[in-house]
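Engineer: First, the structure itself, so that you have it in front of you.
The values are calculated or read from the model by the stated rules, or taken from the named source; none is laboratory data. Keep in mind the model is a prediction, meaning the values are calculated, not measured. Here the Cβ positions follow ideal geometry from the backbone for every residue, glycine too, while neighbour counts run over all protein chains shown. Calculation scope for accessible area: heavy atoms of the full protein, side chains included, ligands and nucleic acids excluded. Shrake-Rupley method; radii C 1.70, N 1.55, O 1.52, S 1.80 Å.
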Amino acid sequence: MGALFPPLGVIYPLKSMRDSTKIIRSSLTPAVPGEPLHSGPVFAAPYHTPGDPSEAPYTYARSHNPTWTELERAIGQMESSSESGSDRGPGYQASALVFASGMAACTAVFGAVLRPGDAVVLPSNAYFATRVLVQEYFTKMGIELRTAPTANNAQAALLDGAKLLWLESPSNPTMEICDISALCEAAHRAGALVAVDNTTSTPLGQRPLALGADFSIASDAKSMTGHSDILLGHVAVRNPELRAKIDQWRTLTGGVLGPMEAWLGLRSIATLPLRLQRSCENAQRIAEFLTTRPEVESVLYPGLPTHPGHAIAAGQMRYFGAVLSFVLRDRAAAETFLSKSKLLTEATSFGGITTTAERRARWGGDAVSEGFIRMSAGCEAVEDLIEDMAQALDAVQ
Ligand SMILES: *Cc1c(COP(=O)(O)O)cnc(C)c1O
């Protein structure tokens, strides 16, 4: 299978290994005495290209870079599925393409797939920038936009004649869940391709391609790299023709990932299994704690058995994620809580090793109440976080 996707030169027999082993070993260099264990970033614009350029693995850095290749190999491994693994269905080899940001990755899929007259079905609660991008630009180029909420698989009703179904589960920040396999089957029956924005889960938490999607997309600035210091994104596919289209879009539009960010990304994802496990355990403990507090009107986390999407989430996710949301009475309650907390860093985005929280309504754009807080559990000791949140909630009256 590996031969389908240049430049995936698989060097280790990783297929049968577990995720942590695969990820940590995927960027190890061959054991040449005196060579470093891992390569550094490769800074280049043109590469030496004597004679026939088709014989040079790298020619010009808008098309390819060896540091991307390493990162893409590592992400491709995560997005792939082995027959022996716990995913549904037969094993497959995925191929990943890296981008300068999550939005560059999303735009590549819309741009490569949609043509005038096509219809795209988005979640009505999709990531804000995704919604605005389609509304402000793609609809003005003759694309029809249809929207329905993530919950209750409501997007299934809009598939007739559609070209692309776009899913986000869990949705952000309201944490709604849809059944990805069921929606992929319905979309494929209707002749539509399916893209899943898998940013909140990462491919270790949920593998959209194994659930039937054609594209797995993410902003890797969030949980995937987890240090709140770089922007990057990726698109993963199983089909070589779709890969070629996305690759061509990236080369022609040219807003590509720099080698330094690619290298930082590669360093960061080696610890994803550790970070994800810790932050998701913390999120679960915090969600359970919040349900015991009278100041909290509701807690939205798919790991809670009371969450309406819990059963579906448990069937398709291996971790319920680091992000949770909860609702305090009003704006004043939320602002008091955030200002009294000493450990919750007030910032947007999510998925970092540092626990962050924010009152979402301060941005406008999301259909949430004034007291709605989105929180991203980090990797601190959860007892400290809970103690801190308890004293901050005590101050909310
Ligand atoms: C952050 C985010 C994006 C956009 O990613 P950037 O790297 O900021 O461009 C897209 N989708 C979701 C769900 C996100 O959270």
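Engineer: Specify the inter-centroid distance of the stretch 337-382 and the stretch 125-197, based on alpha-carbon positions, in whole Å.
Structural biologist: 26 Å
Engineer: Moving on to the next point. Return one number: the angle in degrees, 0 to 90 and rounded to the nearest 10, between the long axis of the Cα atoms of helix 272-291 and the longest principal axis of the Cα atoms of the chain.
Structural biologist: Roughly 20 degrees, rounded to the nearest 10.
Engineer: Label point 7 Å out from A347 along Cα-to-Cβ: which residues of the stretch 227-264 have amide N under 15 Å?
Structural biologist: 227-232
Engineer: Where only protein heavy atoms count, and the probe is 1.4 Å, what is the accessible area per residue for the stretch 40-158 in Å²? Numbers along the way, then the final one.
Structural biologist: Details: 5210 Å² over 119 residues.
Counting only protein heavy atoms, the per-residue value for the stretch 40-158 is 44 Å².
Engineer: Suppose a student asked you for the relative contact order of the chain, using Cα pairs under 8 Å spaced at least 6 residues apart; what percent would you report?
Structural biologist: Details: 816 pairs, mean separation 58.6, N = 397.
Here the relative contact order equals 15 percent.
Engineer: Rank E55, E380 by accessible area, highest first, at a 1.4 Å probe radius? Show your work: numbers first, answer last.
Structural biologist: Values: E55 145, E380 50 Å².
I get E55, E380, largest accessible area first.
Engineer: Run the accessible area of the stretch 274-396 with a 1.4 Å probe and give the carbon-and-sulfur part as a rounded percent.
Structural biologist: Details: 2800 of 5200 Å².
On the stretch 274-396, the fraction of accessible area on carbon and sulfur atoms equals 54 percent.
Engineer: Among the lysines, which have Cα under 26 Å from the Cα of K140 when same-chain residues fewer than 8 positions away are ignored?
Structural biologist: By straight Cα distance, K140 reaches K163, K245.
Engineer: Further, regarding this structure: If you stretched the chain out fully between T139 and S20, how much longer would it get, using 0.36 nm times the residue separation minus the C-alpha to C-alpha distance? Mind dumping the intermediate values first?
Structural biologist: Details: separation 119, 0.36 × 119 = 42.84 nm, distance 4.19 nm.
My answer for the length gained is 38.6 nm.
Engineer: Further question on the same structure: Angle between the Cα long axis of helix 240-253 and the longest principal axis of the chain, 0 to 90 degrees, nearest 10?
Structural biologist: 80 degrees
Engineer: Which residues does the label zone of R293 cover in the stretch 362-379, counting backbone N under 15 Å from a point 7 Å along Cα→Cβ?
Structural biologist: From the stretch 362-379, the list is 371-378.
Engineer: Where both partners of a DSSP beta bridge lie in the chain, what percent of those bridges are antiparallel, to the nearest 5? Write down the numbers at each step before the final one.
Structural biologist: Details: 23 of 39 bridges.
Roughly 60 percent of the DSSP beta bridges within the chain come out antiparallel.
Engineer: Would you mind checking the tilt of helix 382-394 against the longest principal axis of the Cα atoms of the chain, expressed as 0 to 90 degrees and rounded to 10?
Structural biologist: 40 degrees
Engineer: Kindly list the residues of the stretch 382-397 that lie in the label zone of S339, defined by a backbone N under 20 Å from the point 7 Å along the Cα-to-C-beta vector.
Structural biologist: 388-397
Engineer: Could you sort the peptides 202-209, 145-152 by per-residue average Cβ neighbour count (10 Å cutoff), highest mean leading? Let's see the in-between values first.
Structural biologist: Values: 202-209: 25.4, 145-152: 17.5.
Put in order of decreasing packing, that is 202-209, 145-152.
Engineer: Additional query: Of all the accessible heavy-atom surface of the stretch 72-213, with the other protein chains kept in place and a 1.4 Å probe, what percent is carbon and sulfur?
Structural biologist: On the way: 2370 of 4540 Å².
The computed percentage sits at 52.
Engineer: State in Å² the accessible area per residue of the stretch 274-396; use a 1.4 Å probe, count heavy atoms of protein chains only, and round to the nearest integer.
Structural biologist: 42 Å²
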